[in-house]
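Structure record follows, encoded as structure tokens.
The values are calculated or read from the model by the stated rules, or taken from the named source; none is laboratory data. What you see is a predicted model; the values in this text were computed from it and never measured. Reconstructed Cβ throughout: ideal geometry from the backbone, glycine too, with neighbour counts over all protein chains shown. The area values use the complete protein model at the heavy-atom level, side chains included, leaving out ligands, DNA and RNA. Shrake-Rupley method; radii C 1.70, N 1.55, O 1.52, S 1.80 Å.
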Amino acid sequence: MRKKIGVLIAILIFTGIPLAVKATSENGNPNIKSYGSIIYKDSSGSVELYAEDIAFLQEKLASVPDEIFDPVLYSHVHEWEYINVNKNTHTRHCAVCGSLYDIVSAHEAATSRACTITYGDKDYPGYEKTCRCGYTWKVEMYHNLIYTSVDATYHRLSCGLSGTDYCSGLEAKDSEHVRTASPVDETHHQSVCNFCLIEEIQECVFDYDSFEDSENPTQIIKYCECGNYITEPKESVSENDIGNTEDRSDETSQTEQLESVSGNQTETIQGGKI
Ligand SMILES: [Zn+2]
Ligand SMILES: [Zn+2]
Ligand SMILES: [Zn+2]
Ligand SMILES: [Zn+2]
Ligand SMILES: [Zn+2]
């Protein structure tokens, strides 16, 4: 307790002297000295002392451990070592200070360098970080976005390292497959998602597009999205159209028009195949 009173006096002296000088010079009365908020001059000019402030200061000092006043703390260069290093924290320790002054804190990257993270037979670009305590850990350089199939309709976009300590966390998003079909035989195609690469053999559906057969106007060619097609006789409505066309075919100009239309259709069919 003596030490604490000593500190209290020291605080008063250090903070009080400049204020006392200031008060003396301002008031021109060398008999009244102000020592900050603890000792002060009231309106009548008499010097007062706040008992509450003294109590408050004593209370504050009481929360400071006695050891803090031990001169040994201020008479050596700390020899920091890091002990109790675990996945999340280290403890900074100085043997001279003693374990009372140990500080537990989270690792902080003192250095960082590019590295490769190998996880599940795959390599990912990352950073290897090292704390002052020597603990090293790796984090991904950026999220490694991958699509995985959820079901026949949806795939999920997520980070290839999500759920591991390498990844800071990424909310997964579901969206529908974007499929491309290619024929496997005349009536089936393989449908593959451009993103998650899910594959499925499907029966062709010939409703993707249809054109009149340029070589046989009574026939219609119906295409599946994969490029497979079937040729069918035109339906009755189409046959009526053909009849009308034939009626007008006497006029040369119209025949030419028809041929030019057929030519365009052929081109379009080729385009459709691509
Ligand atoms: Zn120390
Ligand atoms: Zn550390
Ligand atoms: Zn990630
Ligand atoms: Zn997909
Ligand atoms: Zn198909």
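Details
- Global form of region 109-176, assessed from the alpha-carbon gyration tensor, a/c cut-off 1.5: prolate
- In Å², nearest 10: area of VAL77 left accessible to a 1.4 Å probe: 120
- Heavy-atom surface analysis with a 1.4 Å probe gives region 85-235 a carbon and sulfur content of 48 percent of its accessible area.
- For the listed residue pairs LYS129/LYS173; LYS122/LYS173; LYS87/LYS173, the alpha carbons are over 27 angstrom apart in LYS129/LYS173; LYS87/LYS173.
- Per residue value of the accessible surface for region 109-176 (all protein chains in place, 1.4 Å probe), Å²: 64
- Derived scalar couplings ³J(HN,Hα) [region 169-185; Karplus, 6.51 cos²θ - 1.76 cosθ + 1.60; whole Hz; x for Gly, Pro]: x, 9, 6, 6, 10, 9, 8, 6, 4, 10, 9, 10, 9, 9, x, 10, 8
- Mean Cβ count within 10 Å, highest first, over the residues of peptides 170-182, 109-121: 170-182, 109-121
- Sites ASP207 and LYS122 - FRET efficiency at Förster radius 51 Å, r taken between beta-carbons, to 0.05: 0.80
- Shape of region 154-219, Cα gyration tensor, a/c cut at 1.5: prolate
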